[in-house]
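A short reminder: the numbers here are calculations on the coordinates, not readings from a lab. Nothing here was measured: the structure is a model prediction, and the numbers come from that model. Virtual Cβ from ideal backbone geometry, glycine too; neighbours counted across all protein chains shown.
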Amino acid sequence: MVIKMKITLEQINGGSEEVIIRYKQMTERIEGLVRYLEGQEEKISVYKERQQYLISISDIIYLESVEGVTFLYTENEVYKINMTLMSFESLYAKEGFFRCSKAMIINIYRIRKLKSMPGSRIDAAMDNEEHIIISRRYAKALRDVLRGGIRCLD
């Protein structure tokens with residue numbers, strides 16, 4: 001069962017901006033939203049040219065495994081990450097990361113446009129202008145997630 005969240009936005013002319021979250025029960029989804037709003041979004045350690053960086057989870061567009069090495073893609077950069085796709089998926093599926101092929105995980109929040117393709121595949125145009133093909137094996141699950149919301153990734 002998917003529970004939809006009501007979102008109300010109100011523009012104000014003065015005073016301080018405020019976010020109020022009303023909930024029946026604290027969930028991981030709400031906790032993640034609170035962390036994000038408080039600027040405490042989780043960061044992940046990545047590597048590029050022997051330098052270590054910390055990047056926000058929301059900056060990740062997709063991850064790809066090539067010959068046993070996992071690469072992480074942001075809007076403008078490519079990093080190596082010392083984690084398998086399987087372990088990343090188990091840790092961050094609830095943050096919107098979806099296995100779209102045997103060798104790739106995408107951030108569904110960074111999809112700009114979807115297009116159905118022959119053979120029940122899906123072309124996902126990402127925020128960084130790259131096109132990722134969702135294989136037939138994973139396309140139905142992606143459609144289910146997009147229809148039902150992120151809770152389907154639990």
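Listed values, structure above:
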item	result
Backbone HN-Hα couplings from phi across region 131-136 [Karplus 6.51/-1.76/1.60, Hz, Gly and Pro as x]	10, 10, 8, 8, 5, 4
Whole-number percent relative contact order across the chain, with pairs defined as alpha carbons under 8 Å at least 6 apart	16
For region 1-73, convex hull volume per residue from C-alpha positions, Å³	175
Candidates per trypsin sites (Lys or Arg not before Pro) in region 65-154, loop by DSSP, up to 13 other Cβ within 10 Å	LYS102
Student exercise, the chain dipole from Lys, Arg, Asp, Glu Cβ charges, in Debye to nearest 20	900
Computed E for LYS140/SER16 - FRET, C-beta separation, R0 41 angstrom, nearest 0.05	0.35
Label-to-label distance, nm, for residues given as ASP123 and LYS102 (7 Å Cα→Cβ offset)	2.4
LYS94 paired with SER56, simple spin-label distance in nm, labels 7 Å along Cα-to-beta-carbon	2.0
Residue-averaged [θ]222 nm for the chain, counting only DSSP H segments that reach four residues, each worth -39500 (n - 2.57)	-6000 deg cm²/dmol
Non-local Lys pairs in region 1-147, i.e. 8 or more apart or on different chains, that have alpha carbons under 16 Å apart	8
Efficiency of FRET from Cβ geometry, LEU9 and ARG112, R₀ 25 Å, rounded to 0.05	0.70
Rg ratio (alpha-carbon, reference 2.2 N^0.38 Å) - the chain	1.15
Gained length - LEU37 relative to THR84, 0.36 nm times residue gap less alpha-carbon distance	14.1 nm
